[in-house]
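Before any comments, here is the structure.
The values are calculated or read from the model by the stated rules, or taken from the named source; none is laboratory data. Values in this document were obtained by computation on a predicted structure and should not be read as measured data. Every residue, glycine as well, gets a Cβ built from its backbone with ideal geometry; the counts of neighbours run over all protein chains shown. Note: areas computed on protein heavy atoms with side chains; ligands, DNA, RNA excluded. Shrake-Rupley method; radii C 1.70, N 1.55, O 1.52, S 1.80 Å.
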Amino acid sequence: MSFFSEITSALHEIFSAFSQPVVWRGRVMNAIISEGQQTVELESGGFVPDGTFTVKFLEKGLYGEYPAIGEIVEYNGKQYRIHWVSIRANRGQVEVSLRSVDQ
């Protein structure tokens, strides 16, 4: 097994254990949510980021489409705008930074 195959396998395990649903381009996607250093609000269902935070998508689940700056992602019933994208093709994941649409 190659090094990248091992990393991809590990990413799949991480995503299956820790991912949360987000909506991007009308599709429900599983993503890893990394809450930012700003504030978080306690709402029904847990803590919800309020401000800027990072979302990581499993690259394979994007089917060759990649998020773009300015697009909307919905998480926990709220809308966030993508303001930064890190795409390292064939590395297993795509990372985006989101900011509340209300800000």
Note: among Lys78, Lys60, just one is over 20 Å from Asp102 (Cβ atoms), of a type in the set (Lys, Arg) and at pLDDT 75 or above, namely Lys60
Answer with yes or no whether Val55 is assigned to a strand (DSSP E or B), open to solvent by 90 Å² or more (accessible area, probe 1.4 Å), touching a strand residue (DSSP E or B) at 6+ places or on another chain (Cβ under 7 Å) and at pLDDT 85 or above.
no
Within the range 74-90, residues open to solvent by 60 Å² or more (accessible area, probe 1.4 Å) and assigned to a strand (DSSP E or B) come out as Glu74, Lys78, Gln79, Arg81, His83, Trp84, Ile87
All conditions in (1) touching a Lys or Arg at 6+ places or on another chain (Cβ under 8 Å); (2) surrounded by fewer than 18 Cβ atoms within 10 Å (Cβ to Cβ); (3) at pLDDT below 90 are true of Gln93 except (2)
Reported set for the range 10-30 where residues are open to solvent by 50 Å² or more (accessible area, probe 1.4 Å) and of a type in the set (S, T, N, Q) is Ser16, Gln20, Asn30
Condition set among the aromatic types (Phe, Trp, Tyr) and at pLDDT 70 or above, scope the range 2-52, selection farthest from Arg81 (Cα to Cα): answer is Phe3
If you go through Arg99, Arg88, the only one that is without any contact (Cβ under 8 Å) to a residue 24 or more places away in the chain and among the charged types (D, E, K, R) is Arg88
**Q.** Residue check for Glu71: surrounded by 12 or more Cβ atoms within 10 Å (Cβ to Cβ), closer than 20 Å to Val101 by Cα, modelled with pLDDT of 90 or more and of a type outside the set (A, V, I, L, M)
**A.** yes
